Amino acid sequence: MSDIHVRLPDGRTLAVPAGSTVLEVAGKIGPRLAKDAVAGRIAGRLVDLRAPVEDGAALEIVTGRDPAAGEVIRHSAEHVMADAVKRLFPAAQIDVGRSDHSEKFQYDFKVERPFTPEDLERIEAEMRRIVAEGAPFTREVVTREQAAALLESLGETLKRARLDDIPAGEPITLFRHGAFVDLCRGPHVQHTGQIGAVKLLDAAGAYWRGDESQPMLQRIYGTAFASQKELDLHLERIEEAKRRDHRRVGVDLELFHIDPIAPGSPFYLPKGMVVYNGLVEFIRSLYPKYGYQEVMAPQLLRAELFKRSGHYDKFHDDMFWFAGADEGEELGVKAMNCPGHCRIFELRKRSYRELPLRFAEFSRLHRNERSGALTGLARVRSMAQDDAHIFCEPEQVESEVNRFFELMSEVYQALGFSGVRIAVSTRPGEFLGEPADWDKAEQTLAEAVRRAGYECGIKTGEGAFYGPKVEVDVDDVLGRAWTLATLQMDVAMPGRFGLRYIGRDGAEHQPAMLHRAVLGSLERFLALYIEHTGGEFPLWLAPVQVVVASITDRQAEYGARVRDALQAAGVRVQLDARNEKLGFKVREAELQKVPIVAVVGDQELQNGTVTPRRRRERGKGAEPVALEAFAEELREAIAARRV
Ligand SMILES: [Zn+2]
Ligand SMILES: [Zn+2]
């Protein structure tokens, strides 16, 4: 057999016999590497160790230390879980598992009764036994008939039905470990012993194929890691995430209320409204500097507009539609601002002299999501975006991308986010416009990102249906990535609306159109931000910025004077003059995440001072300051949105 050549990460080229597997290549590099290998990576994709390598491939061996190893480990743990369930409940039928890029995996089973917490403990214990057995995973390529015969002989009717989902022509592979076999593409670790630690998290009912007319299956969720230490760290993070869950914090701090009477549509309570308005006012305050003009289009628009924009076809089921009072009148509830902004653009002739035109809008938007898919503020039916649409000359796109990055940096700094990751999302399966326009737009965006000095990732197929986008991800304190800012290039709408401007040459041209948001939807942003801060908003955004706490009744009057002075300086302040101990008042203010407690006792009364205890300086001795200086300091810090 002739040799093929494999390129290694260090630049070396290795000659191996044709048909060599990833694991065999690893063995050629070194026995230690082969022992630790859990998968291979070719062109950014994880591949199974048992898969043959093609000539010229650039191959990287993934070991347990690689962050991507978790994915392979968790997918392998899925099989181990299914094996454990079959050992303990032989009548159970297996359906399919799923492990996405999160740290969870799941598998669905058809069983006689739902799993109890005790069942999960037994299954987890059985999984540990299987892990300890260390049986190797083997991969077999079979024909469709062979797979069908095997699954039928095992009585796995659900799995047998899943076999028909595999498109004709695609290779069909089985993975075995011990006596357990599953239909699967892989990749898998070498043997069950490489699954260092497992933990089952939860079980819940789930319809087969997510279809309510189908039988209810039982889904088990679990997680797995290369080591117990990593698993413990992960479980700690889950606990912390529960403590910070925005739905819980939102109730504790009286920010908002979600009611079954209006699924996915938050009731903002007074304190939540302060935060909401604080964000809107902040973004709005930047509009003059960045050249935006605020507009407001109607909430109810005739269907014709959405037919022009393409949303009527592509987005129909996600919108609310009404019959108007006029004969045959069909109205859509605004679900996005772009069609309205296109309408404003075309109201009169536009010249290159007024471009770029940047229209911004904070209107409420409504999307018809199924109530089962809604979660707190993170997934809603009613939302507002810090939305804007930029109409510009095609040559201006790059400078608009730069301007967007500047705006974004300024906003994220005031909110205390550091470190962003930027990627361009490319053409999805279903799209409007011409592929050539897409390619060009994707290229323009990626170049602009790089020229702005950022590394540019690629999110393949994740663009909107009307154009590619730049997505900005931030990490929260729990290490979770959130996409916040987006800048989308629209290759469809300007053409569909027939938008034109008179260019420098006196002729008509089609403007480029960009959709941009910095916070994204305010609701989703609030969900993230509450969890990121645990409800400890920066001073400028806190619903109550200062609590004035008197020590005894003697300072009640002075306390009121302090409150009034701070209020006059534009501070959101409350007076706590109750007949309670100071420690109690301070603790209560801390639980409400109030940034500063201004203590007033006899000394403060005598000297005209306050003693501020700041959240950020907990435990440090607080020094009294003159009331006027304190008010001035706060006024200034709030105006500057210092974090
Ligand atoms: Zn598998
Ligand atoms: Zn838009």
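Within segment 32-56, the set of residues being assigned to a loop (DSSP other than H, G, I, E, B) and either within 16 Å of ligand 1 (Cβ to nearest atom) or surrounded by fewer than 17 Cβ atoms within 10 Å (Cβ to Cβ) (or both) comprises A43, G44, D48, L49, R50, A51, E54, D55, G56.
Taking segment 103-114 as the range and being outside any loop (DSSP other than H, G, I, E, B) and either in contact with a Gly (Cβ under 8 Å, 6 or more places away or on another chain) or at positive phi (or both) as the test, the residues that pass are F105, Q106, Y107, D108.
Among the residues of segment 311-344, the ones that are touching a Pro at 6+ places or on another chain (Cβ under 9 Å) and either farther than 20 Å from Q385 by Cα or among the basic types (K, R) (or both) come to 1 in all. Between D66, D108, the distinction of being more than 13 Å from ligand 1 (Cβ to nearest atom) and at pLDDT 95 or above belongs to D108 only. Residues that are under 18 Å from V85 (Cβ atoms) and of a type in the set (F, W, Y) were ranked within segment 173-226; the one that is nearest to ligand 2 (Cβ to nearest atom) is Y221.
So that you can scan it fast, the table gives a plain yes or no per residue for (1) in contact (Cβ under 8 Å) with a residue 24 or more places away in the chain; (2) closer than 25 Å to I390 by Cα; (3) in contact with a Cys (Cβ under 7 Å, 6 or more places away or on another chain):
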position	(1), (2), (3)
G463	yes, yes, no
V474	yes, yes, no
L478	yes, no, no
A512	yes, yes, yes
L528	yes, no, no
H532	yes, no, no
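Looking only at segment 380-405, residues that are within 15 Å of ligand 2 (Cβ to nearest atom) and more than 17 Å from L286 (Cβ to Cβ) come to 3 in all.
Of everything in segment 321-366 that is more than 21 Å from Y287 (Cβ to Cβ) and touching a Ser or Thr at 6+ places or on another chain (Cβ under 8 Å), the residue that is surrounded by the fewest Cβ atoms within 10 Å (Cβ to Cβ) is H366.
For beta carbons closer than 8 Å, sequence separation of 6+ or different chains, a first residue in segment 14-33 that is within 15 Å of V47 (Cα to Cα) and a second that is surrounded by fewer than 18 Cβ atoms within 10 Å (Cβ to Cβ) and basic (K, R), the qualifying pairs are S20/K28. Of the residues making up segment 115-142, just one is among the hydroxyl-bearing types (S, T, Y) and in contact with a strand residue (DSSP E or B) (Cβ under 7 Å, 6 or more places away or on another chain), namely T138.
So, in segment 57-91, of the ones that are closer than 19 Å to W208 by Cα and surrounded by 19 or more Cβ atoms within 10 Å (Cβ to Cβ), which residue ends up farthest from ligand 2 (Cβ to nearest atom)? Residue satisfying both the conditions and the ranking: K86. Within segment 87-102, being outside any helix (DSSP H, G or I) and either in contact with a helix residue (DSSP H, G or I) (Cβ under 6 Å, 6 or more places away or on another chain) or closer than 15 Å to F180 by Cα (or both) holds for F89, P90, A91, A92, Q93, I94, D95, V96, G97, S99.
Do any helices (runs of 4 or more DSSP H) entirely within segment 263-349 hold 1 or more residues that are aliphatic (A, V, I, L, M) and either in contact (Cβ under 8 Å) with a residue 60 or more places away in the chain or farther than 22 Å from M489 by Cβ (or both), and if so, which?
Those helices (runs of 4 or more DSSP H) span 270-290, 303-309.
Is it the case that E170 is out of contact with any strand residue (DSSP E or B) (no Cβ under 8 Å at 6 or more places or on another chain), more than 16 Å from ligand 2 (Cβ to nearest atom) and not aromatic (F, W, Y)? Judged against the criteria, E170 is a match.
Against the criterion of being within 16 Å of ligand 2 (Cβ to nearest atom), more than 12 Å from R516 (Cα to Cα) and in contact (Cβ under 8 Å) with a residue 40 or more places away in the chain, R364 qualifies. Please tell me if A77 is among the aliphatic types (A, V, I, L, M), more than 30 Å from G205 (Cβ to Cβ) and out of contact with any Lys or Arg (no Cβ under 7 Å at 6 or more places or on another chain). No.
Can you name every one of the strands (runs of 3 or more DSSP E) wholly within segment 472-580 that holds 2 or more residues which are under 21 Å from T444 (Cβ atoms)? Before you say what the answer is, go through the steps one by one.
On the way: elements: 481-490, 512-521, 546-550, 573-576.
In segment 472-580, 481-490, 512-521 are the strands (runs of 3 or more DSSP E) which contain 2 or more residues that are under 21 Å from T444 (Cβ atoms).
Considering (1) surrounded by fewer than 17 Cβ atoms within 10 Å (Cβ to Cβ); (2) touching a residue at least 24 places away in the same chain (Cβ under 8 Å); (3) under 23 Å from I220 (Cβ atoms), the lone condition that D108 does not fulfil carries the number (1).
Looking at this structure, is V544 over 25 Å from A384 (Cβ atoms) and either touching a helix residue (DSSP H, G or I) at 6+ places or on another chain (Cβ under 9 Å) or polar (S, T, N, Q) (or both)?
When the stated conditions are applied, V544 does not pass them.
Restricting A622, A629, A598 to those that are surrounded by 20 or more Cβ atoms within 10 Å (Cβ to Cβ) and either touching a strand residue (DSSP E or B) at 6+ places or on another chain (Cβ under 9 Å) or part of a helix (DSSP H, G or I) (or both) reduces the list to A598. Of the strands (runs of 3 or more DSSP E) that lie entirely inside segment 123-241, those containing 3 or more residues that are away from ligand 1 (no atom under 16 Å from the Cβ) span 197-207, 216-225.
Screening A43, A92 for residues that are on the phi > 0 side of the Ramachandran plot and more than 22 Å from the chain's Cα centre (by Cα) leaves exactly one candidate, A43. When segment 367-401 is filtered for residues that are part of a helix (DSSP H, G or I) and without any contact (Cβ under 8 Å) to a residue 12 or more places away in the chain, the ones remaining, listed by number, are G372, A373, E395, S399.
Quick grid of which residues meet (1) closer than 25 Å to M127 by Cα; (2) of a type outside the set (S, T, Y); (3) at pLDDT below 95:
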{"residue": "R139", "(1), (2), (3)": "yes, yes, yes"}
{"residue": "A149", "(1), (2), (3)": "no, yes, no"}
{"residue": "P167", "(1), (2), (3)": "no, yes, yes"}
{"residue": "E170", "(1), (2), (3)": "no, yes, yes"}
{"residue": "H177", "(1), (2), (3)": "yes, yes, no"}
{"residue": "V181", "(1), (2), (3)": "yes, yes, no"}
{"residue": "G186", "(1), (2), (3)": "yes, yes, yes"}
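The selection criterion, being farther than 26 Å from E531 by Cα, among the small types (G, A, S) and surrounded by fewer than 21 Cβ atoms within 10 Å (Cβ to Cβ), holds for G506.
The values are calculated or read from the model by the stated rules, or taken from the named source; none is laboratory data. As the structure is a prediction and not an experimental result, all values here were calculated from the model. For neighbour counting, all protein chains shown are included, and Cβ atoms are generated from backbone atoms with ideal geometry for every residue, glycine included.
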